[in-house]
Structure formats: C-alpha cells, structure tokens
1. Please work out the average accessible area per residue across the chain, using the 1.4 Å probe convention, and give it in Å².
2. Could you compute how much accessible surface Phe135 exposes when probed at 1.4 Å, giving the result in Å² to the nearest 10?
3. Convert each backbone phi in the range 148-160 into a coupling constant with the Karplus relation 6.51 cos²θ - 1.76 cosθ + 1.60 (shift: θ = phi - 60°), then list the ³J(HN,Hα) values in order as whole Hz, x for Gly and Pro.
4. So which lysines pass the test for Lys65, namely a Cα distance under 26 Å, with those fewer than 8 places away in the same chain ruled out?
5. Counting only protein heavy atoms and using a 1.4 Å probe, what share of the accessible area of the range 21-172 belongs to carbon plus sulfur, as a whole percent?
6. With every protein chain left in place, what is the accessible area of Lys29 in Å² (1.4 Å probe, nearest 10)?
7. Can you give the Rg and Dmax of the chain based on its C-alpha atoms, in angstrom?
8. Return the long-range amide H neighbours of Thr108 (sequence gap of 5 or more, or a different chain), with a cut-off of under 5 Å between placed amide H atoms.
Amino acid sequence: TLAYTLSKVIDDLPDQTSVVVGSSGDEVKIVQNTLNTRDDRAPGVSDQRHLLTLSGMWDLSYANKHSNPAARWILGFWQLSGIFTAASPRPFSGKLGTDINNDGNRATDRVPGLGRNTFRKFNLAQADLRIQRDFPITERARFSFIAEAFNLTNRANFATVNDTMMRVVGATADIAAGRARLEPVAAFGTPRTTVEQDVLGQPFGRMWQLALKFTF
C-alpha cells in the first residue's frame with residue numbers, strides 16, 4: 001500500500017487551547033501582538049507539506065503444504081511486514097527570547113522584521129519491520145513468534161529545535177532608543193528533542209520487541 005498526501009496549513013493565533021495565563025505551554029500559542037492578529041497569519045505549526053507512507057506484508061506460504069514435513073516446518077508459515085514513513089519538515093519561528101513588546105509574554109516575540117513560522121525543522125523518515133513465524137498445533141490453534149523493530153535504521157527524527165535566533169544585549173527598554181543591540185545565537189536551529197522518547201522524556205533510537213502469541 002502506497003499513500004501520498006500533499007497538504008498546506010495556514011492559520012493565525014491565538015490557539016483555542018491556550019487557557020492558562022502564565023503557562024509556558026500556553027503562552028506560546030498566543031499571538032505576538034494581540035492588536036494585530038493578521039501579523040501572525042502564516043503556515044501553521046502542523047503544516048507538513050509532504051507525507052509518504054509505504055506498507056506491505058509478504059506471506060511466505062509457499063511451503064505450507066510441502067510434501068516433506070521437515071521442509072514444511074522450516075520454510076513454511078513465515079510472514080514479513082513493514083511500514084516506511086517519510087515526511088517534510090514542519091515550520092517554526094525565529095524567536096528573540098525577550099518580551100520586546102512588554103505584553104508579559106516572551107514566548108511569542110520574534111526577531112523584529114521576521115514573520116511567523118518562516119523556518120523549517122528537519123525531515124522525518126522511519127522504517128518499522130515485523131517478522132512472524134506461526135507454529136500450527138491444530139487447524140484452529142497455533143503459537144506465533146513475533147519479532148519487531150521500530151526505527152530500524154536508528155535514525156534520529158527531531159521534534160523540536162532551538163528557536164531563539166537572537167538575544168538582546170542591554171536592557172530591553174533600550175532597544176527602541178538604540179542603546180541596545182541584537183546578537184545572533186549560535187545554537188539557533190539545532191535539534192533539541194527527538195520524536196521517539198521513552199516515558200521519562202529521554203530520546204531513544206532503534207527499539208526491538210519480541211512477543212509470543214497463542215491463537216485458538
């Protein structure tokens with residue numbers, strides 16, 4: 001099965017789920033300037049232009065009815081399946097890291113002159129593989145041994161990046177008066193967290209899983 005999606009998301013803020021004042025998770029969902037919401041109209045954070053998914057299963061049933069019991073036991077009842085996903089990067093904004101407009105929210109203040117979500121993160125690509133071997137007991141009962149690999153190629157797919165593009169040297173109030181300056185941040189655009197994380201939020205790469213299933 002092959003599926004391809006071409007899409008485009010354009011929106012502005014505020015996000016309707018932003019309900020907690022002062023929350024770092026909610027403040028990022030508010031417009032930079034509440035008196036000019038049109039200034040935030042741009043590709044949305046969920047704008048993933050291209051998405052390709054390829055999946056399939058190969059049932060190796062050629063030897064299931066082999067006249068030789070040994071050949072049937074060794075070569076029969078295998079299944080190989082997998083899924084591959086590739087997607088283009090999602091956008092993010094070049095932030096200033098300072099409450100330059102003095103609205104009490106520094107999470108959405110962008111570098112002066114920059115629009116919202118004008119940069120892109122990293123592409124996503126992941127392959128998962130599954131191998132299954134059935135061991136028939138009767139016509140209706142069987143054991144199945146399953147081996148699965150998630151993120152088979154051990155590729156790091158990054159979810160977030162450092163979005164602070166510039167920092168203020170001097171007092172924020174001195175920017176308009178020309179007594180402060182902006183300096184670029186070297187870490188801008190570098191990855192922070194990966195898509196694949198454990199329950200503690202720590203990144204992990206390739207993961208294996210073994211299972212034994214009884215069907216009756």
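1. 64
2. 70
3. Result, ordered by residue: 10, 10, 9, 6, 4, 7, 6, 8, 7, 9, 8, 9, 10 Hz.
4. Counting by Cα, and skipping residues close in sequence, Lys65 has these lysines nearby: Lys213.
5. Of the solvent-accessible surface of the range 21-172, carbon and sulfur hold 59 percent.
6. Around 60 Å² of this residue is reachable by solvent.
7. Radius of gyration, then largest Cα-Cα span, for the chain: 25.7, 90 Å.
8. Counting only residues 5 or more places away or on other chains, the set is empty.
The values are calculated or read from the model by the stated rules, or taken from the named source; none is laboratory data. Since the structure is predicted, the reported quantities are computational estimates derived from the model, not experimental observations. FYI the Cβ positions are ideal-geometry reconstructions off the backbone, even for glycines, and counts take in every protein chain you see. SASA here: full protein model, heavy atoms, side chains in, ligands and nucleic acids out. Shrake-Rupley method; radii C 1.70, N 1.55, O 1.52, S 1.80 Å.
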